[in-house]
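Following: one structure in structure tokens, then a few remarks.
Coordinate-derived values only; no laboratory data. The structure presented is a predicted model; accordingly, all values stated were derived computationally and were not measured. No Cβ is skipped: glycine too gets one built from the backbone with ideal geometry, and neighbour counts run over all protein chains shown.
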Amino acid sequence: MKRLWTAALILMTAAGAAAGGTVKTKTPSQAVAAALSFTPPKGWTVVEYSNAEGADPVVRFESLADAVQVRLFGAPGSDYATPEDFLAGPAASEQGAAPAEAGTALVAGRKLALHRRRFPIEAADPHRPSPSKSIMGTETFCVLPLKGGRFAVLAYRRASPMPDLQRKGEKAWEAFLKTVRPKAK
């Protein structure tokens, strides 16, 4: 799949150059940075990718089982056109059920609803005579509306069934939320 994507990118670049123009492709980090400013957690690893053929950029900061994630939606071709579509869709649900309400958070001067859902980390073995339940992680997220119909989903994910007694990941996410600011366009 990676080779196919690389070949397509090379062909698009070559076609743009042959036409006398240049093809400008934003990385997910560049797309997120064009919409939001924030301070990422110090020392965490950066992972970036896009969904919906590049319309939905994702930047995630990881440290062991914890992740702070920024996803942008609402662009042409996006999987979710509106925050309501997102909240009703599989990316916000817990195996088909609506996410649980989890309080509020102050982000960029706005009081946003927090939502919580669980997600499977490891599926149960279907070959066992008595299948056990899937091991679940947790995600807490909020939706930040942006100008032009776009919106950001800011999330804290813990990919472990074990709680973090020191709350290092949650504290990093709380500190991150305090720094998030939409960019004016």
Residue-span extension gain [Gln30 to Gln95] - 0.36 nm each, minus C-alpha spacing: 20.2 nm
Checking the cross-link filter: which aspartates and glutamates have an alpha carbon closer than 13 Å to that of Lys168, excluding same-chain neighbours under 8 positions apart? Glu62, Asp66
Quote the relative contact order of segment 27-185 in percent (integer), defining contacts as alpha-carbon pairs under 8 Å separated by 6+ residues. 25 percent
Highest mean first, what order results for 63-71, 167-175, 82-90 on Cβ atoms within 10 Å? 63-71, 167-175, 82-90
The alpha-carbon center of segment 52-91 and that of segment 143-165 are separated, in whole Å, by 9 Å
Val46 versus Ala102: modelled label distance in nm, points set 7 Å from Cα along the beta carbon direction: 2.5 nm
Please give, to one decimal in nm, the separation of the simple spin-label points placed at Thr39 and Ala65, each 7 Å out from Cα toward the Cβ. 2.8 nm
Take each of the peptides 53-60, 100-107, average the number of other beta-carbon atoms within 10 Å over its residues, and list them starting from the highest. 53-60, 100-107
